[in-house]
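Each value in this text was obtained by applying a stated rule to the coordinates, not by laboratory testing. These numbers come from a predicted model, not from an experiment. Cβ placement follows ideal geometry from the backbone for every residue including glycine, while neighbour counts extend to all protein chains displayed.
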Amino acid sequence: MKSDEIHPPGYEPHIGESRQYWRDIILGVNDGLVSIYLLIVGVSAGGLISDQILLTGIAGALAGAVSMAAGEFLATKSQDEVLSAELELERTHIAKFRDAEFDQLRGFFADMGVKPEHLDGVLEAFADNDEALLQAMAALEFGFLAKERRSPYRAMFASGALFLFGSLPSVIPFAVFGDVFEATVAATVLTMAGLFLVGVVKANVTKTGRVRSGLENLVIAGLGGVVAWLLGRAVGNALG
């Protein structure tokens with residue numbers, strides 16, 4: 001067992017290695033739930049039949065999942081490349097401008113509240129350890145921690161797969177029910193339940209109110225659903 005996994009009774013551990021991917025997890029499934037539901041409601045109000053809505057939902061779900069996955073991969077990879085470049089630049093600064101880096105580190109610790117009489121003792125720990133100095137400067141200067149580094153592939157999978165998963169409550173009813181109204185009602189119930197559940201899961205992680213978090217998701221999607229239905233109805237009427 002790792003030393004950081006040994007905790008005294010009553011100690012609540014942190015989320016750990018999944019922390020940096022929670023943005024992708026919540027964004028992926030929530031976007032799948034909301035965007036495909038709004039798409040389904042819009043075309044349903046526009047007068048399409050059940051099979052047409054099903055095809056639209058499947059196409060939208062696949063397109064959205066691919067778009068989310070590709071976008072998250074490129075964004076995360078670009079961010080990782082920027083961090084790598086920053087680390088290399090910091091190595092150069094340490095090699096060529098060591099005194100300036102120590103002055104900067106002194107300022108960071110002072111801003112954190114370390115007492116002036118303790119600063120020399122704290123900085124002494126980095127005097128002959130360039131790697132420790134690099135990691136300290138990376139964390140304090142541009143907020144980088146090696147263990148928080150995000151994998152583009154994990155981010156891609158989390159966003160794309162969870163978007164697809166989030167689209168299922170809106171798509172499946174139109175594969176089950178032939179009646180558009182029944183399928184739309186079922187999609188609404190399933191999507192609202194999914195959104196509330198996502199809010200509850202998020203609240204468990206962020207230690208906030210579960211009901212409030214779930215209702216926030218419901219209100220946002222509910223308002224969006226009303227707008228999508230009205231627009232779909234208007235477009236459907238305009239097209240005859």
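The table that follows gives values for the structure above.
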read-out	value
Inter-label distance, nm, simple model (7 Å from Cα along the C-beta direction), ARG154/ASN237	5.1 nm
Alpha-carbon centroids, segment 49-67 and segment 148-176: separation in whole Å	14 Å
Computed over segment 69-182, Kirkwood Rh from alpha-carbon pairs, angstrom	17.7 Å
Kirkwood hydrodynamic radius of segment 21-235, from inverse mean 1/r over distinct Cα pairs, in Å	20.4 Å
Rg [Å, one decimal], Dmax [Å, integer] - segment 129-181, C-alpha atoms	21.9, 70
Percentage relative contact order, segment 21-235, counting C-alpha pairs under 8 Å, at least six apart	42 percent
Contact order relative to length of segment 102-187, as percent, for alpha carbon pairs under 8 angstrom and 6 or more apart	14 percent
Distant alpha-carbon pairs in segment 36-102 (separation over 20 angstrom), percent	58 percent
